[in-house]
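Single-structure report; data block below.
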Amino acid sequence: MDEQAVESVVVNVNRRRWLIATSVVGGLGGVATAIPFMDSLSPPDSALAAGAPVKVDISQLSAGAMLTVAWRGKPVFIVNRTDAMLDGVIKATSMVADPDSSHPFSIPLPDYCKNAFRSRTDHRNILVVVGVCTHLGCTPIPRFQSGPQPNLPDDWPGGFLCPCHGSTYDLAGRVFRDKPAPQNLDVPRYMFLSPIELLIGQDERGEAQP
């Protein structure tokens, strides 16, 4: 019997409290497996208020794990996808509403992410998306385990579930068909400063627009 447990923590962002999911434990066939989740330190309030780009150390982000950072008062999910998770993205292409991200939500999709995995081709395993549901702004929770489980279809390929109204996204942040959310999760501008350091909110063309 499958079991799901979602543990939440509260992160202080600009002196407001902001609830995000921090881990998911899924069981299959009576064996519990944990999805690793890392929570980075928030940038200084002054940087957040100014909407400044955020440097992120991903040296400890293991395969299959997810890291959440604050950028412009919003959660940004960084996922180190395994080969199996990337296979799940390909599997989901026929199930999502906008596989090519032709209709972005609130910010344009960077050109370097206009591909099947919505990531930079030289680091295709690293997913960077804004963790805000495009329906009513809730924070989706990770459901990376594929297969049958509560509140998800039997052919679930892995992804994210919005706990508010049930919208689901694949492991590239693309919304599945026939869900309340109308669009895919946003992808902010970002670039690699080194193989282990990201800069969120800025790329080779400059900073993201306010």
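Coordinate-derived values only; no laboratory data. Note that this is a predicted model, so its numbers are computed, not measured. Methodologically, a virtual Cβ is constructed for each residue, glycine included, from the backbone with ideal geometry; neighbour enumeration extends over all protein chains shown.
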Please report how far the C-alpha centroid of the range 189-210 lies from that of the range 124-183, rounded to the nearest whole angstrom.
24 Å
Report the label-to-label distance for residue 111 and residue 57 in nanometres (one decimal), using points 7 Å from each Cα along the Cα→Cβ vector.
3.4 nm
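Using only the Cα atoms of the range 36-207, construct the convex hull and provide its projected area averaged over every direction, in square nanometres to one decimal.
9.2 nm²
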Could you list 179, 55 so that the one with the fewest beta carbons within 10 Å of its beta carbon is first and the one with the most is last?
55, 179
Where Lys and Arg each count +1 and Asp and Glu each count -1, what net charge lies around residue 129 among other residues with Cβ under 10 Å from its Cβ?
+1
Residue exposure sequence - 85, 191 - by fewest surrounding Cβ within 10 Å
191, 85
Round to the nearest 0.05 the FRET efficiency obtained for residue 103 and residue 197 when R0 = 25 Å and r is the Cβ-Cβ distance.
0.20
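Among 122-134, 58-70, how do they line up by average Cβ neighbours within 10 Å per residue, starting with the highest?
Details: 122-134: 20.3, 58-70: 17.8.
The densest-packed peptide leads the list: 122-134, 58-70.
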Taking Lys and Arg as +1 and Asp and Glu as -1, residues besides residue 119 with C-beta under 15 Å from its C-beta add up to -1
